[in-house]
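Read the figures in this text as sums done on the coordinates, not as results from a lab. Quick caveat, the model's predicted, so the values are computed rather than measured. Please note: Cβ atoms are built from the backbone with ideal geometry, for glycine as well, and neighbour counts cover all protein chains shown.
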Amino acid sequence: MKRIFRLTAIIAFLFISITTVQAQRRNARYNEYIKQYAPLAVEQMQRHKIPASITLAQGLLESGAGRSKLATGSNNHFGIKCHSWEGERTYVGAASAYNCYRKYDSPEDGYEDHAKFLQGSRYQRLFDIPVSDYKGWARGLKACGYAENPAYADKLIRLIETYELFQYDLNQPVMAKAKEE
């Protein structure tokens, strides 16, 4: 009986250890992206009144944490299509209006244009939602047609809650304080 209990405990310990290591690997690029772009998202929130949590979650989701071809080759972290864009363009797949995306000189330019894009008439009603209401913003983005995926709002909310991105809306990052201590 002791032997079975000991063997079960060892197996449970190994399973938990392996699962923890895998979770850390899987999340590392997300954490890296957040660390790199959180200051920029907070700056955009202060200037344009768009929740930093929403900006970060959209950047994570749309760019695969900065690893997508659009992000690495065009500094487009938000999947913003050309629409009435006068700047440089890039195409994903065949060159067509549907596959045309905005290209930026830097991630900072992409983040700034994302904020301006959301200030357009299509998304104007979002600015009636408090900056602290990330769920309202996520659902509002979906309702305004930002993405075709029916689960888009839920995905943003899950990212915000999993990585505690809501802390950046208060401009008092909990994780940053914990790391300092």
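Average projection, convex hull of the Cα set of region 32-119: 5.3 square nanometres.
Just subtract the alpha-carbon distance of Asn99 and Thr72 from 0.36 nm times their residue separation and send over the number in nm, one decimal.
Working it through step by step, the gained length comes to 8.0 nm.
Protection proxy ranking, highest mean first, for peptides 153-163, 51-61: 51-61, 153-163, where packing is the per-residue count of other beta-carbon atoms within 10 Å, averaged.
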